[in-house]
Amino acid sequence: MKAINDAHLAVYETKPEIVVKAPGRFHLIGEHSWFFKDKTLSMAVDIPVYVAVSKRQDSILKFYFVQLDESKRANLSSLKYKKEDKWANALKSVAYGYVSGGFDLGGMDITVYSEILPSAGFGITSAIKAAALVAYKNLYKVPCTDIQMLQAMDRANKRFLQRNNYSADNFSALFSKKGNLLITDYSKNSWDYVPYNFDDKKIFLIDTKVPRVNVWNEETIFEPQYALLLGDLREEKPNVYGGWQYINNVTDINEELSVVSEDVRRKMLSMLREHNDILEAREGLEKKDFFKFARAINHSHETMRDMYEISCPEIDWILKRVGELEPSLEMITNQVACGRITGKGFGRCMYAIIRASDEEKFKAKLGEFEKIFGYHPECYEVHPAEGAVIIKD
């Protein structure tokens, strides 16, 4: 990509030796169930992040973000997390992940190019880390397997950034295939692909610009005793994708969850529903049945809104308009559109999958949204994309 090559040359007076492109990403269903060793359905999308790297003769790391016109620096011998370094911490964390695992790196000049900033979401920070992970490895011929590379990412997130390491984020940024969605199975720490073949539909990611407000602390349900409760509700099903599903006997479920508060019970029930929705969405994709797929997506948003309580009135308003794109929806058997809040929740981002013929009507509704709520949403048409790839070596 000429823009990042030119920027790297202008800042460092040398051409990059390697450029890696990594995709943005959003999770369709299941991003909140990782703690319970469940599944997440994700889509890597063609919102690319580029990381260009060249070697230095010392142990200094220099960073430059083109769109921010901002530079940072660090030293391999004393890598530290600094709040003021913001985006550069992601690049430092990957270097730490390798070095702390006994792999050798040297100094580097590093340039980041992303037309969407990390603050917007859409997996941009994960893409920066994934691109850096591949770039550093190939620049310094780091002798590590994919498993060791993922372990370096784990150290980067947990030890350096002091954050959770989400396998679905890593897998989708690194290993996605063009034209496919990716399913992460946290119980096996593995990923699988499912083709996306709804060519008559358009996929839109929307940054609503609604500020995120934490109405409750999600960490409160990430407790071992709650994971054990959900584990007791699983039953092996060899003919079901993944080999198991949650029991559907309401009496047994209520008895098992009777030991927790009503609020926690609702959150636990939402995890059960999310797993069922992933299975149904996958089946819809496999059978090219958009109605089944869309029903699972829409049901998942209802669960996130009513039981997990992470949606907001503004996003619910847009999704209601998505449901109204077919004026006589109650008269037909097939849903023609779907959508859901995505990411951390409590506001900000959502996605919609609609008929191509409804694009103008949908964007008109976003115009109404702006007039009613006062937020200026950013809307991006996206397609399933491949994972991190070297574009210059």
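The values are calculated or read from the model by the stated rules, or taken from the named source; none is laboratory data. Owing to the predicted nature of the structure, the values given are computational and were not obtained by experimental measurement. Glycine also receives a Cβ, built like all others from the backbone with ideal geometry; neighbour counts cover every protein chain displayed. Accessible surface is based on the protein model in full, side chains and every heavy atom, while ligands, DNA and RNA are left aside. Shrake-Rupley method; radii C 1.70, N 1.55, O 1.52, S 1.80 Å.
Here are the numbers:
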quantity	calculated
Heavy-atom accessible area ranking, 1.4 Å probe, most first, across Asp358, Asp316, Asp232	Asp232, Asp316, Asp358
Estimated dipole of segment 185-266 in Debye, rounded to 20 [Cβ of Lys and Arg +1, of Asp and Glu -1, Cα centre]	400
Alpha-carbon centroid distance for the pair segment 52-81 / segment 139-189, whole angstrom	22
Glu236-Glu13 FRET efficiency (beta carbon distance; Förster radius 45 Å; 0.05 resolution)	0.15
Whole-percent carbon and sulfur share, accessible surface of the chain, 1.4 Å	47
Cross-link reach list, lysines versus Lys365, counting only Cα pairs under 22 Å and skipping chain neighbours closer than eight places	Lys201, Lys202, Lys209, Lys320
For segment 156-213: relative contact order, % (alpha-carbon pairs under 8 angstrom, 6 or more apart)	21
Estimated dipole of the chain in Debye, rounded to 20 [Cβ of Lys and Arg +1, of Asp and Glu -1, Cα centre]	1320
Column: log10 I(q)/I(0), Debye, Cα scatterers of segment 210-254, q = 0.24 Å⁻¹	-0.89
Geometric extent, Cα atoms of segment 243-393 - Rg, Dmax (angstrom)	18.0, 60
Amide proton proximity set for Gly343, modelled H, under 5 Å, gap of 5+	His27
Residue-span extension gain [Glu368 to Asn217] - 0.36 nm each, minus C-alpha spacing	51.2 nm
Three principal axis lengths of the chain [C-alpha, angstrom, descending]	67, 48, 38
At 1.306 mPa s and 10 °C, Stokes diffusion of segment 230-332 via Kirkwood alpha-carbon radius, µm² per second	103
In sequence order, calculated HN-Hα J values of segment 257-266 (Karplus, 6.51, -1.76, 1.60; Hz; x Gly/Pro)	9, 5, 8, 10, 5, 4, 5, 5, 4, 5
Accessible area per residue, Å², the chain with all protein chains present, probe 1.4 Å	44
Alpha-carbon Rg with Dmax, taken over segment 12-164, Å	15.1, 49
Directionally averaged projected area (convex hull, Cα atoms, segment 132-260), nm²	12.9
Placed amide H near Lys237: partners under 5 Å, 5+ positions off or other chain	Trp244, Gln245
Descending semi-axes in whole angstrom, ellipsoid equivalent of segment 138-211, from the Cα gyration tensor	27, 19, 13
Relative contact order [Cα under 8 Å, 6+ residues apart], segment 61-134, whole percent	37
